[in-house]
1. Beta carbons within 10 angstrom, averaged per residue: use that to sort the peptides 82-91, 26-35, highest first.
2. With θ set to phi - 60°, apply the Karplus curve 6.51 cos²θ - 1.76 cosθ + 1.60 along the range 85-94 and write out the HN-Hα couplings as whole Hz, x wherever there is a Gly or Pro.
3. Determine the distance separating the Cα centre of the range 22-42 from the Cα centre of the range 48-110; give it in Å without decimals.
4. With θ set to phi - 60°, apply the Karplus curve 6.51 cos²θ - 1.76 cosθ + 1.60 along the range 44-56 and write out the HN-Hα couplings as whole Hz, x wherever there is a Gly or Pro.
Amino acid sequence: MIKFYKILFVLVSFIFVNLSMAESYSEYGNTIYGSDGTTYSKYGNTTYGSDGTTYSKYGNTTYGSDGTSYSKYGNTTYGSDGTSYSTYGNTTYGSDGSSCSKYGNTTYCN
């Protein structure tokens, strides 16, 4: 679930990023910097994480190097693990009650 947040905001605003509780992520060019020290860089349809994760987007589906996949339909993204995330305005709400909001080039999660 935590990996999905990192993926979701890169997908929603860039491609996909891994977020966890009470963290923030800032986007500059093709790179996203996490407050936990993790970075994600996008090249073409693939995002590479400094933690070794890789996410590739084909059509409306993003595939993670960990075997997960996420498909976006309208404003909702569905994970292969049964999770779902819906975006309204600048905020994305998870089926687990968590949320992330994007302001400018920075995303905040709780």
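Coordinate-derived values only; no laboratory data. Because the structure is a prediction, the values reported are computed rather than measured. Neighbour counts are summed over all protein chains in view; Cβ atoms, including those assigned to glycine, are modelled from backbone coordinates with ideal geometry.
1. Descending mean neighbour count gives 26-35, 82-91.
2. With the stated coefficients, the range 85-94 comes to 9, 10, 10, 10, x, 9, 10, 10, 10, x Hz.
3. Result: 14 Å between the Cα centres.
4. Karplus values, whole Hz, x for Gly and Pro: x, 9, 10, 10, 10, x, 5, 8, x, 7, 9, 10, 10.
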